[in-house]
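Rule-based calculations on the coordinates, nothing more; no lab input. Computed from a predicted structure; not experimentally measured. Cβ sites come from the backbone with ideal geometry, for glycine too, and all protein chains shown count toward neighbours.
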């Protein structure tokens, strides 16, 4: 599985809410999905973002950040998290109940799937310095 933290110019991250009828309905997660056979993780993310959000992301703009590993009974989930700061289009909730832009620290107050929770720490560490620098320099906002 692959997911992405889309980071806007204000240092906020896009999360989507899982729709009713899906496993873990109502939880907030990073956009992403499954990697198809013979597909690179980056190509899978570009495809998933086009399908789920209607945006285009160049594979070379996806930067790997962290991964989470979780046992799911007889199966095992490995979730790769990438960061993207550049994309084309405006995200729309095509396969989600809702979208929202949040600061990394605000994610701790959201109900998220267990595999997404440890990824918030890595994202917060990455963006904390960026957000502090931007907040102290209003011209950068």
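Figure legend: label point modelled 7 angstrom from the Cα of residue 10 along Cα→Cβ; residues of the range 87-131 with amide N under 15 Å from it are 91, 99-107, 131.
The Stokes-Einstein estimate for the chain, based on a Kirkwood radius over Cα pairs and taken at 37 °C with 0.692 mPa s viscosity, is a diffusion coefficient of 212 µm²/s.
Helix 41-53 axis versus longest C-alpha principal axis of the chain: approximately 80°, rounded to the nearest ten.
Under the simplified labelling scheme, the residue 110-residue 67 pair shows an inter-label distance of 2.3 nm, with each label point 7 Å from Cα along Cα→Cβ. Inter-label distance, residue 50 to residue 102: 2.9 nm, where each label sits 7 Å from its Cα along the C-beta direction. Taking other Cβ within 10 Å of each residue's Cβ, how do 1, 107, 24 sort, fewest first? Listing 1, 107, 24 from fewest to most nearby Cβ atoms yields 24, 1, 107. Across the chain, the mean sequence separation of Cα contacts (distance under 8 Å, 6 or more residues apart), normalised by length, yields a relative contact order of 30 percent. For the chain, the mean residue ellipticity at 222 nm estimated from helices alone is -8000 deg cm²/dmol, where every DSSP H run of n ≥ 4 contributes -39500 (n - 2.57) and the total is divided by all residues, rounded to the nearest 500.
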